Amino acid sequence: MKGVDKIGRIAREFFNRDRAIKDIVRDLHVSRNTVRKVVRSGATAFTYGREVQPLPKLGPWRDDLDRMLTTNAGRSARGRLTLIRIYEALRGLGYEGGYDAVRRYAKTWKRERASVTAQAFAGGPAGVGGQHPIEIVAPRPELGQRLHLTLVGEGVGSRPDDLPDRVAGAVQVADD
């Protein structure tokens, strides 16, 4: 991929100095198609971003890999398998793809799992009635995040003094 400086230089050579495409190709060591693309589009940068990563070989094995990653995450730090070992176990089941696909999938799986919310329920006082679901978002201390609790339900507000008594005693709410 060509940088902005190389694209700018191609444009200057062609438009300002009236040089031929063949001369630009020879001097700047780029392909004719690249020079044509810069000249025709007038863009200052070319980017490519794949929106969805296709998983042609890993696709049928995702359930097995998810199961392996989940059980591995539940183990102690010392008992966890490395991704190479998980890859080898997947190969033992018949997977024919590469290790890098497994590594990339495990990386996104871990990132998505870190932001998953869990549901809990807290019983309210007699006046409020019933149970109130609490959304618990796992904090990531390496990013400076704190634990945030959001109560969802009838008669429950978002201010600390609106919390049911049993929850308010167990939750320390920080003002932002």
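In the stretch 69-78, is there at least one residue being in a loop (DSSP other than H, G, I, E, B) and of a type in the set (Ser, Thr, Tyr)?
First pass over the stretch 69-78, keeping only residues in a loop (DSSP other than H, G, I, E, B): 74-78.
Filter once more, so that each one left must be of a type in the set (Ser, Thr, Tyr): 76.
Yes; the residues of the stretch 69-78 include at least one that is in a loop (DSSP other than H, G, I, E, B) and of a type in the set (Ser, Thr, Tyr).
Criterion first (assigned to a helix (DSSP H, G or I), among the β-branched types (Val, Ile, Thr) and at pLDDT 90 or above) does Val39 satisfy it? Steps first, please.
Working: assigned to a helix (DSSP H, G or I): yes; among the β-branched types (Val, Ile, Thr): yes; at pLDDT 90 or above: yes.
For Val39, the condition - assigned to a helix (DSSP H, G or I), among the β-branched types (Val, Ile, Thr) and at pLDDT 90 or above - is met.
Exactly one of these conditions fails for Thr70: (1) without any contact (Cβ under 8 Å) to a residue 40 or more places away in the chain; (2) surrounded by 12 or more Cβ atoms within 10 Å (Cβ to Cβ). Give me its number.
So the condition that Thr70 fails would be (2).
Restricting the first residue to the stretch 86-106 and requiring it to be without any contact (Cβ under 8 Å) to a residue 24 or more places away in the chain and surrounded by fewer than 18 Cβ atoms within 10 Å (Cβ to Cβ), which pairs with a second residue that is assigned to a helix (DSSP H, G or I) and not small (Gly, Ala, Ser) meet a Cβ separation below 6 Å and a spacing of at least six or different chains?
Short answer, once both residue conditions are applied: Tyr99/Tyr87; Arg103/Leu83.
The values are calculated or read from the model by the stated rules, or taken from the named source; none is laboratory data. As the structure is a prediction and not an experimental result, all values here were calculated from the model. Counting neighbours? That spans all protein chains shown, and the Cβs are built from the backbone with ideal geometry, glycine included.
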